[in-house]
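Worksheet: the structure to be examined is printed underneath.
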Amino acid sequence: MINYQIFFEQAIDKVKQEGRYRLFTDLTRYAGNFPLAKNHHNGCDVVLWCINDYLCMGQHPKIIKAAIETTKEMGVGAGGTRNIGGTNHPLTLLEKELATLHEKESAIVFTSGYIANDATITALGNIIPELIIFSDEKNHASIIEGIRHANCKKYIFKHNNISDLRQLLQSVPINQAKLIIFESVYSMEGDIAPIVEICALAKEFKALTYIDEVHSVGLYGKSGAGIAQKLGCMDKIDIIQGTLAKAYGVIGGYIAADHLIVDAVRSYASGFIFTTALPPAIAAAALASVQHLKHSSTERLEHFEVVDKLKQELTKAHIQYLSNESHIISVMICDQYLAKEASRILLEKYHIYVQHINYPTVPKGLERLRITPTPRHNNEMIEHFVMALKAVLVELKIIESVIF
Ligand SMILES: Cc1ncc(COP(=O)(O)O)c(C=O)c1O
């Protein structure tokens with residue numbers, strides 16, 4: 001008799017021993033009262049400081065209205081895969097809007113940003129014979145998984161390192177098919193890729209380019225199309241991937257590219273073909289969000305004011321964070337147990353929710369608190385947060401003394 005239970009027990013024991021057993025916090029957010037939420041573990045309100053709904057669009061009245069009205073009109077579910085259930089009309093409109101946003105011929109929506117990466121990269125491996133993939137070493141798990149499934153030769157280049165990428169490209173025959181995959185804003189470090197330089201290399205070595213703009217769409221560029229728009233180089237990138245779940249505050253992922261590329265991915269990507277489409281209300285909500293942020297920069301400007309303010313206050317309090325040009329603020333703890341403990345104390349003692357980031361999301365030894373300010377974090381919240389964080393870092397002996 002095989003004892004199956006023991007496999008599961010051993011698997012759980014292993015993650016517990018390694019200090020990476022995850023506990024989820026049971027929260028209810030209050031629409032209209034961002035960034036507050038109720039912590040169901042003790043009934044207290046907490047201030048959220050690590051949510052990727054960067055611009056609070058998930059609670060925007062226009063987005064809520066679009067979701068409610070579309071649900072009333074069209075019901076809840078999508079009713080099946082696109083092939084069998086058809087495409088619900090809001091999804092057609094959303095794809096048109098995303099193509100326009102990125103100045104591409106076409107776009108295709110997946111059920112998440114993760115699936116967009118995994119399914120597209122896997123499909124590219126099937127579509128392009130003898131493709132070689134060049135991938136930044138800090139690329140997201142969904143890209144890594146896509147490359148694994150693409151089952152083609154790969155080279156991993158040093159993070160944001162143009163000369164390493166050049167050397168690797170040089171090592172491959174010029175007429176061999178190549179794909180360079182990178183992110184614009186890296187989710188954990190918050191640093192920004194040298195997009196223009198990567199595109200120049202791609203041109204020189206006849207490679208296709210694939211950028212993950214998950215942490216920048218909605219936030220950067222004059223209409224929120226991301227860093228490539230901000231730098232004026234969207235046309236140099238062959239495939240732009242994004243999410244509707246972070247700055248756009250809803251859910252879903254997508255790619256935007258030439259019609260032919262999108263058509264081929266649509267026809268080969270298993271993660272697109274064999275799953276139920278996003279429901280109409282979600283597509284309508286995402287569409288409302290993309291359209292709103294295309295015309296309004298208010299949220300982006302307010303967001304950056306809060307990001308700058310928090311960075312200044314952390315600096316004044318002698319709390320170090322990774323230096324970058326983006327909205328992601330990482331305070332390094334570099335110990336899995338201390339990172340977890342810092343989160344626990346912040347939550348229980350100060351009613352601040354900032355989830356620690358441990359392995360495998362970041363390498364062992366680079367554990368951190370990843371802080372994501374939003375336009376709704378006011379000065380009082382910032383002051384309270386910095387005071388609490390300082391006190392916790394001192395209590396845990398991560399920094400030495402309290403100097404205000
Ligand atoms: C860089 C990057 N790409 C893709 C994803 C997946 O996006 P989604 O949350 O929409 O599945 C994430 C998620 O955090 C990410 O950080």
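Classify the range 195-269 as rounded, prolate or oblate, taking a ≥ b ≥ c as the square roots of the eigenvalues of its Cα gyration tensor: rounded when a/c is under 1.5, otherwise prolate if a/b is larger than b/c and oblate if not.
oblate
For the range 152-300, what is the largest minus smallest coordinate of the Cα atoms on each principal axis, given in angstrom and ordered from greatest to least?
Dimensions of the range 152-300 along the principal axes of its Cα atoms: 48, 37, 26 Å.
Within the accessible area of the range 159-290, what % is carbon and sulfur when the probe is 1.4 Å and the other protein chains stay in place?
56 percent
Taking the range 140-185, how much of its Cα-Cα pair set, in percent, is spaced more than 17 angstrom apart?
38 percent
Give me the accessible area per residue for the chain, probe 1.4 Å, as a whole number in Å².
Value returned for the chain: 47 Å² of accessible area per residue.
When Lys and Arg each count +1 and Asp and Glu each count -1, what net charge do the other residues less than 14 Å away from I132, Cβ to Cβ, add up to?
Combined, the nearby Lys, Arg, Asp and Glu give +3.
According to the square roots a ≥ b ≥ c of the eigenvalues of the Cα gyration tensor, what is the shape class of the range 104-155, taking rounded for a/c under 1.5, prolate for a/b larger than b/c otherwise, and oblate for the remainder?
In terms of gyration-tensor shape, oblate.
Ranked highest first by average number of other Cβ atoms within 10 Å, how do 37-43, 115-121, 335-341 line up?
Result, highest mean Cβ count within 10 Å first: 115-121, 335-341, 37-43.
Please report the relative contact order for the range 108-244, taking Cα pairs under 8 Å with a sequence separation of at least 6, and give it as a percent rounded to a whole number.
22 percent
What whole-number volume per residue, in cubic angstrom, does the convex hull of the C-alpha atoms of the chain give?
Residue-normalised Cα hull volume stands at 170 Å³.
Once the whole set of protein chains is in place, how much accessible area is left on T298, using a 1.4 Å probe, in Å² to the nearest 10?
Counting only protein heavy atoms, the figure is 70 Å².
Estimate the FRET efficiency between E204 and N42 by the formula 1/(1 + (r/R0)^6), using the beta-carbon distance for r and 60 Å for R0, to the nearest 0.05.
For E204 and N42, the calculated efficiency is 0.55.
In percent, what relative contact order does the chain have, based on Cα pairs under 8 Å that are 6 or more apart in sequence?
Over the chain, the number comes to 21 percent.
Sort M188, M234, M332 by accessible area with a 1.4 Å probe, largest first.
Most to least solvent-accessible, the answer reads M332, M188, M234.
Please report the net charge: other residues with Cβ closer than 10 Å to the Cβ of A284, K and R +1, D and E -1.
Local charge sum for A284: -1.
Would you mind telling me the share, in percent, of accessible area of the range 346-404 contributed by carbon and sulfur at probe 1.4 angstrom?
Whole-percent figure for carbon plus sulfur exposure: 54.
Where the accessible area of the range 8-84 is counted over protein heavy atoms with a 1.4 Å probe, how much of it, in %, is carbon and sulfur?
With neighbouring chains kept in place, the figure for the range 8-84 is 55 percent.
What do you get for Rg/Rh over the range 289-372 if you use C-alpha atoms and the Kirkwood form of Rh?
1.05
Which part of the range 353-387 falls in the paramagnetic zone of C334, meaning amide N under 18 Å from the point 7 Å along Cα-to-beta-carbon?
Correct set: 357-359, 362-370.
Taking amide H atoms as placed 1.01 Å from N in the peptide plane, list the residues 5 or more away in sequence, or in a different chain, whose amide H sits under 5 Å from that of K178.
I132, L208
What ranking, highest mean first, results for peptides 314-326, 189-201, 214-226 when packing means the other Cβ atoms within 10 Å averaged over each residue?
The densest-packed peptide leads the list: 214-226, 189-201, 314-326.
Extension gain T276-F7, at 0.36 nm per residue separation less the Cα-Cα distance, in nm?
Net length gain for the segment: 93.6 nm.
The values are calculated or read from the model by the stated rules, or taken from the named source; none is laboratory data. Small disclaimer: the values here were computed from a predicted structure and weren't measured. Every residue, glycine among them, receives a Cβ derived from its backbone with ideal geometry; neighbour counts consider all protein chains shown. Note: areas computed on protein heavy atoms with side chains; ligands, DNA, RNA excluded. Shrake-Rupley method; radii C 1.70, N 1.55, O 1.52, S 1.80 Å.
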